[in-house]
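Rule-based calculations on the coordinates, nothing more; no lab input. Treat the numbers as computed from the prediction; the structure is a model and nothing was measured. So basically every Cβ, Gly included, is an ideal-geometry build from the backbone, and we count neighbours across all protein chains shown.
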Amino acid sequence: MDRQQEFVLRTVEERDIRFIRLWFTDVLGMLKSVAIAPAELEAAFTEGIGFDGSAIEGLTRVYEADMVARPDPTTFQILPWRGETHGTARMFCDILTPDGEPSLADSRNVLKRALAKASDQGFTFYTHPEVEFYLFEPPTADGPLVPIDHGGYFDHVARTQGHDFRRAAITMLESMGISVEFSHHEAGPGQNEIDLRYADALTTADNLMTFRTVIKEVALEQGVFASFMPKPLADHPGSGMHTHLSLFEGDRNAFHEPGAQYELSKTGRQFIAGLLMHAAEITAVTNQYVNSYKRLWGGAEAPSYICWGHNNRSALVRVPMYKPGKGNSSRIEYRALDTAANPYLAFALMLAAGLKGIEEGYELPDATSDDVWELTDAERRAMGIKPLPQSLDDAIALMEKSELLAETLGEHVFDFFLKNKRQEWDGYRAQVTPFEIKRLLQVL
């Protein structure tokens, strides 16, 4: 037994932890949980906990149902909302086959494989997400969504639920070892943003799964409803997850080159080129729901076109302003991702696209300083700026042809994801919407 496992066992005993929740994520990014008693913990570390994988979205087929969840002791944290006495803790798990091999259907393992490939090339991948979400009054069955306030971007809405909410959420996140960098009211009514401090991509993905749970728990405590839906309100901005990315070689930021344009190295430029080249085909994963495309094509600073720029917030990839003397802060920002994505799969694909640019020596096209939304279609075509997929159906069609996605996700996850998204699109396409009734019923 290693030292980390011993630390967990000792802490469980000293803190009177009565339940240990084992967390893992299905292929769509939904959190799953099973609780074990402290007496079962040592065996869980050595042998794992068996469960029926065929009952979990995308994990396995019925005829090979047995799966094993083995907790990662480095992810041990006490859940603060479960009380001080007779507490509850959680650990993320790796999903294994009965013979102890990593499951090809485990999202966390997909990201681990991508990180291992980066490591073989000497790189460590860091991410820093800006997470947006809405707070509503508890919804009724047939009533409209009612935001908890009418604030706007950076508004200081004093002594309101949103103000108190962010404080309570950040306190809870930091008590679980998740560092928060910024928080503020976003542009939509009841919309908030909390930015997590940068960390390696696996830690960030685990933190994001915890983040969603914490936000929902604090919302329940405060009598409000939190949603990470990409576009819950037609007339207000969607919720994205702009994510800052960087590669390090040891202690050196591989994206930084003193004296280069924007202080951006050749490696950084090739990484951006890879993201741009493969952006359209990874969109089905970074923006995986029908509703995601209402955000991407709904204006309000959501990226709709594949281009990059320096400090250009209409671009898909933005190179933030360089801070003199802070080479390690050099980074790029990918702006399409939304908070409803599976972070393990999304990070794996963003990394794979960037690495492909480095491996193949992709040339970075010219940056755009224009507001891309204001250009005409002809102007965008002349500049070589292509659109992101305009619907989930378009995104699925591009994903189906992608060698990069098939290789990075693995056959099992790739096939399941496509099948699930086709079902979603078919279900959506079959709906008769209130828009159609309102516009057509009386006139036709």
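Brief remarks follow.
- Charge tally around Glu379: other residues with Cβ under 12 Å, Lys/Arg +1 each, Asp/Glu -1 each, net -2.
- Take the Cα of Arg381, step 7 Å toward its Cβ, do the same at Asp200, and the gap between the two points is 4.8 nm.
- Using a simple spin-label model with pseudo-atoms 7 Å out from Cα toward Cβ, Asp235 and Met30 lie 3.3 nm apart.
- Protection proxy ranking, highest mean first, for peptides 171-177, 329-335: 329-335, 171-177, where packing is the per-residue count of other beta-carbon atoms within 10 Å, averaged.
- ³J(HN,Hα) computed for each position of segment 28-44 - Karplus, 6.51 cos²θ - 1.76 cosθ + 1.60, integer Hz, glycine/proline x: 8, x, 8, 6, 10, 8, 9, 9, 10, 7, x, 5, 8, 5, 4, 5, 4
- Given their separation in residues at 0.36 nm each and the Cα-Cα distance between them, Glu181 and Met321 gain 48.6 nm when the chain is fully extended.
- Estimated dipole of segment 283-359 in Debye, rounded to 20 [Cβ of Lys and Arg +1, of Asp and Glu -1, Cα centre]: 220
- Net length available on complete extension from Lys419 to Leu220 is 68.3 nm, with 0.36 nm assigned per residue and the Cα-Cα distance removed.
- Computed from the C-beta positions of Glu436 and Ala141 and an R0 of 22 Å, the FRET efficiency is 0.55 to the nearest 0.05.
- Mean separation of Cα pairs under 8 Å and 6 or more residues apart, divided by the residue count, gives the chain a relative contact order of 14 percent.
- Contact order relative to length of segment 323-422, as percent, for alpha carbon pairs under 8 angstrom and 6 or more apart: 30
- Residues in segment 161-199 reached by a label modelled at Trp373 [backbone nitrogen below 14 Å; 7 Å Cα→Cβ]: 187-188
- Only one residue of Met350, Ile170, Asn420 has its Cα farthest out toward the positive end of the dipole of the chain, where Lys and Arg carry +1 and Asp and Glu -1 on Cβ, and that residue is Ile170.
- Modelled spin-label separation between Glu359 and Ala37, with each label point placed 7 Å from Cα along the Cα-to-Cβ direction: 4.9 nm.
- Unit charges on C-beta of K, R, D, E only; dipole of segment 112-435, Debye: 240
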